[in-house]
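Below: one structure, written as structure tokens.
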Amino acid sequence: MVSCAFSGNAGVMVSTTNAFRGDIEENVSTSGKVASEEKTVLFAPVSGRLSEINVAAGDAVKAGDVLMTYDMDQMEQRLQEASLQQDKSNASYNSTMTENSKSTAKLNEANTNLAVLDQQLTDYKAYLKELQDKLSTSQRETQRQLSEESYDLSRKAADLNKELQDGVTAERAKEINKELQDISSSQARNSYVQSIANSSDYVVSMQNEIATVQEHITECENYKAEMQSQKGSSEGTILNGYQSQAYAADKDLAQLTYQEAQEQYDAAKKELLRTLTVL
């Protein structure tokens, strides 16, 4: 290296030094952002609250350092809540389905009984009309026969009395009086029979049978009213398809929620997901 200096008329002064190898440095002042060539994004594999955070922004960490830990108490509480909700949902679903089955059974019972009762009422009413017609016919026929007999007796008695008034022999008069006595006895018997016609064994038997059939009709009508009421109340409580699907969906949702909570709790408890650690 050579350097020179000038001074008036003096000669040139020269200084020398030995050459050597070295680095040339150049300093530059500027502003900018520093970024790492490798980045790792850490995220929690399960949702939950952290109980401890062991690092702050800018801290240096090394492999094996525990950065944060889960709050296991909160996860256990969440699991218990999910379990209770599942039990509640299952109980509600089972209770609803049981009541729905009972209502369906009652509706089927009512429909079956109503069909049978309608047929029974039709048969009983037809039989009742038959009995009433037979009794009425029998009473009219008995009354007709008794009336005809009474008329015949009265006419015969009138003819005999007229014959007596017209004059007859003593012998004939005796015969006529005997016949008039017989006619009188027959008329008395006819009147008695007419008075007890409605109390004969046949009539009483028919009337008893009619009363029995009427009792059956009343019982059937009362039971029919009961079945109609049962049908109406059952139809009002049976779930439709959408309601059944909603109850089933609630039950399945509670089951899935519990399973998820159980899986997260088990995983965290086994320390597979409990900590986030620098690798």
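Cα-Cα over 22 Å: which of Lys106/Lys129; Lys106/Lys224; Lys102/Lys125; Lys102/Lys231; Lys88/Lys231?
Pairs exceeding the cut-off: Lys106/Lys129; Lys102/Lys125; Lys88/Lys231.
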(request) Over the alpha-carbon set of region 59-120, divide Rg by the Kirkwood Rh and report the Rg/Rh ratio to two decimals. (result) 1.64
(request) Pull out the extension gain between Ser205 and Glu25, defined as 0.36 nm times the separation in residues minus the alpha carbon to alpha carbon distance; nm, one decimal. (result) 50.7 nm
(request) Please give the length that would be gained between Val66 and Lys129 if that part of the chain were fully extended, namely 0.36 nm times their separation in residues minus their C-alpha to C-alpha distance (nm, one decimal). (result) 12.9 nm
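Tell me, Kirkwood radius of region 108-214 from alpha-carbon pair distances, in Å?
17.8 Å
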(request) Once you have the Cα-Cα distance between Glu141 and Glu99, take 0.36 nm times their residue separation minus that, and quote the gain in nm to one decimal. (result) 9.0 nm
(request) Return the FRET efficiency for the residue pair Ser244, Gln80: r is the Cβ-Cβ distance, R0 is 30 Å, and the value is rounded to the nearest 0.05. (result) 0.55
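Every read-out reported here was derived from the displayed coordinates using simple, explicitly stated rules and does not represent laboratory data. If you're wondering where the values come from, they're calculated on a predicted model, not measured in any experiment. Heads up, the Cβs are rebuilt from the backbone with ideal geometry, glycines too, and the neighbour counts pull from every protein chain shown.
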